[in-house]
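J.: One structure follows; several queries about it will come next.
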Amino acid sequence: MPALTVTDARARSASIAVTAYNVELDLTGGDETFGSRTAVEFTSHDRADTFVDILPDRLVSARLNDERIDPDLLRDGRLPLTGIADSNVLVVEARMRYSHDGEGLHRAADPEDGVDYVYAMAFLQAAPRIFACFDQPDLKATYRVGVRAPADWSVVGNGRATQTSPGVWALAETKSLSTYLVTLVAGPYHSVTRTHDGITLGLHCRQSLAAHLDKDCDEIFEVTGQCFDEYHRLFGIRYPFGDYHQAFVPEFAAGAMENPGCVTFTDELVFKAQATDSLRATRTNIIAHEMAHQWFGDLVTMRWWDDLWLNESFAEYMGYRVTSQVTAFDDVWVEFAHVTKAWGLAADQRSSTHPVAGNGAADTKQALSDFDGISYSKGAAALRQLNAYLGDEAFIGGVIDHLHRHSYGNATLADLIQSWQQASDLDVVSWAQVWLRTAGVDTLTCVADPGSGVVVERSSGSIEDGPRPHAFTVTWYGDHGTSSAAPVLVDGDRAAVDLPSYDGSGLVLPDSGDETWAKVKLDDASLQRAPAFLTTIDDPVARAVIWGSFREGLFDASIGPADYLAAVAAALPGEIDLAVEKILGSSGSGAIGHLGTYFADPGHRALLAEVAEQILRDAAPSTNRQLIAARALVSSTDDAELLRGWLAGGGPVGLRCDEDLRWRIVRALCELGASDLAEVEAEHARDRSSQGGVHALRCRASLPDGDVKAQVWDSITTDGSLTNYALFALCEFFFRPGQIDLTCRYVERYFTDFPSTENIRMGSVVENSARLVFPRFAVSAESVSLAEHCLTLDGVSSGTRRSISDRTDDLRRVLMSRQAYAVADGDAS
């Protein structure tokens, strides 16, 4: 299906207005295809020819105003419409194919009990895989949906579902929605319902996860109610879409999707394994994020995908804000500093960087490629700065005005800026120009001298310097436990800071509250002092800023890997649990996991294992900290005998070796060459769950066995039947740091084989798999050359091209660091 261009979209929306959809889906015809009948009512302003979007397995029939349309006219997902009247009814019947990539109408069988579950994901060009539609965000309409399903299934969707007879369901007519927000969840789901403030709340998951959802449902309902109360208070507009269901669905390709009335989440958020406090906070933050979308994105929707960033930036900002203010998880801004901001900063320093807004996406594929860490984290940080600039009353007042003006319709950034400008009487247009329409990240440095005081210097990271105004706090931490802080506005290259008590000792930290979007660069003296201050500064956000300065210095090759790890060894054992988890991580997660290509010396891995072992040794039994440290040690140790002992029940007192931890240990043994396929199969026989199946594939991909690697590579590059989760599991663990010699022949094959996977897969799964399987541990000039050649070839899609380009930029930075600190090319063992 060709990408919809903004030109075609504007022409179609200028020509027609869609009134209503009546969609009937028949899910009783087997597990390969389903029936889809769509009746669309629309009017025409000019009677010009147009087209409807549909991607069927077989187009059965189509009629426009009772005139037959030849099904053979369908080309590349577009059915041309001619003979348009002022008022029109289009009826399309088709057999549609269930998907296994998390988009369209996804059908998944639970391996524990063999039961099938279905859900719809209509985001960005996926709606036509479910029903015939005018698939663009500014052609909103109401929806009536009817479903025929097996008699033992339940159904929920955007409108309240009523079973009119066994297996037959009617969903109430919705408010005006964009096509990408239409959903359906059907199957023998386990459901729990409550009521909050007159709103019916529902939670849904697979039967095999029922006990785990029941265990957590009180917490989920509580935070949902807390968020509803706060959003009602902030916006003064009650939730507008009736019931509010939260469905945790299998093999979901994203974290969650904000469908009005029925938000879908990955069912990995129903915690079967032991969940750390940080993971529970993440789930709450995602819930708050998707709830913010009900107003910003669903009630008011962007006109074209160019402004999709605004939906996500706003929801990201509000999610963190509301979670921290009204739920028990009041430390999520610390997580933002450690993880979410790091994701966005990395994106903003690649060659693919782009402004937050106004990127002029020519088509849907380009818009999707620009949907990244900049859209989420930089946009959220920018809105946080705007709040500081306008004040909270004007900021929220502008949002309220925007929501009232454009309810159930579409709007642009210019519309929102107008509302903010009226609410504040400040120059929001100029602010938006330098913050939202200029790419790049600035660097902040403090120049401190007892005689002349403290000055903050700003180095621009933008090609076109505005400059951006930065409002933040500077804090001086003295040598004897004293500290003082002062606000500063940097609207040029430098600004003086009023810290009269500063005596030249200690550490001066710009942006100590992590209030702006900038890198913090510490001078050499401060870098030497920083590890000690990481153990004495009370504020975990300020410490996260220091850790971020070390991380960005590693990226810039101004800090060597040994210096970074020295800080980890000196200060991480004294950090809070969240920081330990987000820095040390496990199985490729955390800052260390993402930075793993920098630590090529075998001694680096040994040091990380020592740090994890120390934290584990000092942790109290049966605590959150013990679990975090144990997982980190599993991912960093080379001691196969230790891991074997844990599997046999000989782990630390209080550590429960549940299925998840067992799988982590088996995968670590696989990567070390201390396990084999027989053990993986035996472990899989113990755990036949969907999670167990994914773990088994990760283990298989990790094995240092040439024949197994060949089979895995063949599956990745030629097997179009793999589910998205199976594909991602194989991709993520194929290239491992200690297996460079074994996998070196696949480095070149990645650049020749992988672009062709677009012939067997579609949607975001291609871009994501290209990113996951990129040979990031093959750090050499030759790898960079292979990548650069691949990027010159015709026929590489924009999504795959973006993934390769971004990963190659990261590879160049690692190569620069290794050259600067005398680490040999390719040595990642």
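The values are calculated or read from the model by the stated rules, or taken from the named source; none is laboratory data. Being a predicted model, the structure only gives us computed values, none of them experimental. With ideal geometry, Cβ positions are generated from the backbone for all residues, glycine too; neighbour counts draw on all protein chains shown. Keep in mind that these areas ignore ligands, DNA and RNA; they rest on the heavy atoms of the full protein, side chains included. Shrake-Rupley method; radii C 1.70, N 1.55, O 1.52, S 1.80 Å.
J.: Of all the helices (runs of 4 or more DSSP H) wholly in the range 556-659, which have at least 1 residues that are at pLDDT 95 or above and of a type in the set (Val, Ile, Thr)? Outline the logic, then answer.
T.: On the way: elements: 561-571, 577-584, 590-594, 602-618, 624-636, 640-647.
Hits in the range 556-659: 561-571, 577-584, 602-618, 624-636.
J.: Let me ask another. For residue 535, which of the numbered conditions (1) within 29 Å of residue 815 (Cα to Cα); (2) loosely packed, with under 15 Cβ neighbours inside 10 Å fails to hold?
T.: Of the numbered conditions (1) within 29 Å of residue 815 (Cα to Cα); (2) loosely packed, with under 15 Cβ neighbours inside 10 Å, the odd one out for residue 535 is (1).
J.: Also, I was wondering about something else. Out of the residues in the range 611-667 meeting the condition of being among the β-branched types (Val, Ile, Thr) and either touching a residue at least 60 places away in the same chain (Cβ under 8 Å) or open to solvent by 20 Å² or more (accessible area, probe 1.4 Å) (or both), tell me which one is farthest from residue 572 (Cα to Cα). Don't jump to the end; show me each part of the working.
T.: Here is the first cut: in the range 611-667, the residues among the β-branched types (Val, Ile, Thr) are 611, 615, 623, 628, 634, 637, 653, 665-666.
The next check asks that each one be either touching a residue at least 60 places away in the same chain (Cβ under 8 Å) or open to solvent by 20 Å² or more (accessible area, probe 1.4 Å) (or both); those that pass are 623, 628, 653.
Working: 623: 17, 628: 13, 653: 22 Å.
Of everything passing the filter in the range 611-667, 653 is farthest from residue 572 (Cα to Cα).
J.: Report yes if residue 791 is closer than 26 Å to residue 3 by Cβ and out of contact with any Asp or Glu (no Cβ under 7 Å at 6 or more places or on another chain), otherwise no.
T.: Considered against the rule, which asks whether it is closer than 26 Å to residue 3 by Cβ and out of contact with any Asp or Glu (no Cβ under 7 Å at 6 or more places or on another chain), residue 791 comes out as yes.
J.: Taking the stated definitions as given, is residue 230 over 30 Å from residue 110 (Cβ atoms) and either among the acidic types (Asp, Glu) or open to solvent by less than 10 Å² (accessible area, probe 1.4 Å) (or both)? Walk me through it before giving the result.
T.: On the way: over 30 Å from residue 110 (Cβ atoms): yes; either among the acidic types (Asp, Glu) or open to solvent by less than 10 Å² (accessible area, probe 1.4 Å) (or both): yes.
Yes: the conditions hold for residue 230.
J.: Could you check how many residues of the range 493-518 are hydrophobic (A, V, I, L, M, F, W, C), crowded, with 20+ Cβ neighbours inside 10 Å and in contact with a Leu (Cβ under 7 Å, 6 or more places away or on another chain)?
T.: Count: 1.
J.: Within the range 1-39, restricting attention to residues that are farther than 30 Å from residue 360 by Cβ and of a type in the set (Val, Ile, Thr), which residue is surrounded by the fewest Cβ atoms within 10 Å (Cβ to Cβ)?
T.: Among them, the one singled out is 28.
J.: Against the definition (farther than 25 Å from residue 5 by Cα and modelled with pLDDT of 95 or more), how does residue 18 come out, yes or no?
T.: No.
J.: Filter the strands (runs of 3 or more DSSP E) completely within the range 1-59 down to those with at least 1 residues that are in contact with a helix residue (DSSP H, G or I) (Cβ under 7 Å, 6 or more places away or on another chain) and of a type in the set (S, T, N, Q).
T.: On the way: elements: 16-26, 33-44, 50-53.
Those strands (runs of 3 or more DSSP E) span 33-44, 50-53.
J.: Yes or no: residue 107 open to solvent by 40 Å² or more (accessible area, probe 1.4 Å), outside any loop (DSSP other than H, G, I, E, B) and on the phi < 0 side of the Ramachandran plot?
T.: In short, no.
J.: In addition: Can you report the number of residues in the range 60-82 which are in a loop (DSSP other than H, G, I, E, B), more than 23 Å from residue 104 (Cα to Cα) and not β-branched (Val, Ile, Thr)?
T.: 3
J.: Let me ask another. Can you pull out every residue in the range 306-328 that is open to solvent by 10 Å² or more (accessible area, probe 1.4 Å) and either in contact with a Pro (Cβ under 8 Å, 6 or more places away or on another chain) or under 13 Å from residue 230 (Cα atoms) (or both)?
T.: 321, 324, 325, 326, 327
J.: Something else now. Tally the residues that are hydrophobic (A, V, I, L, M, F, W, C) and more than 16 Å from residue 351 (Cα to Cα), restricting the search to the range 791-803.
T.: 2
J.: Moving to a separate point now. Quick check on residue 303: is it of a type outside the set (A, V, I, L, M, F, W, C), at pLDDT below 95 and surrounded by fewer than 24 Cβ atoms within 10 Å (Cβ to Cβ)?
T.: yes
J.: Okay, moving on. Considering only residues that are in contact with a helix residue (DSSP H, G or I) (Cβ under 7 Å, 6 or more places away or on another chain) and either small (Gly, Ala, Ser) or touching a residue at least 60 places away in the same chain (Cβ under 8 Å) (or both), which ones fall in the range 412-437?
T.: Scanning the range 412-437 gives 412, 413, 416, 419, 423, 424, 432, 435, 436.
J.: On to the next question. Considering only residues that are over 19 Å from residue 415 (Cα atoms), open to solvent by 10 Å² or more (accessible area, probe 1.4 Å) and of a type in the set (A, V, I, L, M, F, W, C), which ones fall in the range 371-399?
T.: The answer is 371, 388.
J.: Take the range 419-463 and flag every residue that is part of a loop (DSSP other than H, G, I, E, B), surrounded by 15 or more Cβ atoms within 10 Å (Cβ to Cβ) and within 29 Å of the chain's Cα centre (by Cα).
T.: Passing the criteria: 437, 438, 439, 440, 441, 460, 461, 462.
J.: Taking residue 701 and the conditions (1) closer than 26 Å to residue 740 by Cα; (2) assigned to a helix (DSSP H, G or I); (3) open to solvent by 30 Å² or more (accessible area, probe 1.4 Å), which numbered condition does it fall short on, given that it satisfies the others?
T.: (3)
J.: In the range 110-127, how many residues are open to solvent by less than 20 Å² (accessible area, probe 1.4 Å) and within 19 Å of residue 727 (Cα to Cα)?
T.: 2
J.: If we keep just the residues of the range 250-278 that are in contact with a Gly (Cβ under 9 Å, 6 or more places away or on another chain) and in a strand (DSSP E or B), which is surrounded by the most Cβ atoms within 10 Å (Cβ to Cβ)?
T.: The qualifying residue surrounded by the most Cβ atoms within 10 Å (Cβ to Cβ) is 262.
J.: Quick one: residue 47 ticks every box in (1) open to solvent by less than 40 Å² (accessible area, probe 1.4 Å); (2) touching a Gly at 6+ places or on another chain (Cβ under 9 Å) bar one, so which box is it?
T.: (1)
J.: Further, regarding this structure: With the condition kept exactly as written, say whether any residue in the range 579-601 is surrounded by fewer than 17 Cβ atoms within 10 Å (Cβ to Cβ), in contact (Cβ under 8 Å) with a residue 40 or more places away in the chain and of a type outside the set (Gly, Ala, Ser).
T.: No: zero hits.
J.: Turning to a different aspect of this structure: Out of curiosity, is residue 493 under 33 Å from the mean Cα position of the chain (by Cα) and of a type in the set (Asp, Glu)? If you could, list the steps in order and put the result at the bottom.
T.: Values: under 33 Å from the mean Cα position of the chain (by Cα): no; of a type in the set (Asp, Glu): yes.
Here the answer is no, as residue 493 does not meet what is asked.
J.: Another one. Would the range 153-166 turn up any residue that is in contact with a helix residue (DSSP H, G or I) (Cβ under 7 Å, 6 or more places away or on another chain) and of a type outside the set (D, E, K, R)?
T.: No, the conditions are met nowhere in the range 153-166.
J.: Turning to a different aspect of this structure: For the structure I just gave you, tell me whether residue 721 is at pLDDT below 95 and in contact with a His (Cβ under 8 Å, 6 or more places away or on another chain).
T.: yes
J.: On the basis of being farther than 22 Å from residue 346 by Cα and assigned to a loop (DSSP other than H, G, I, E, B), does residue 479 make the cut?
T.: The answer is yes for residue 479.
J.: Starting from residues that are farther than 18 Å from residue 768 by Cα and either part of a helix (DSSP H, G or I) or charged (D, E, K, R) (or both), keep the ones in the range 351-377 and report whichever is modelled with the highest pLDDT.
T.: 377
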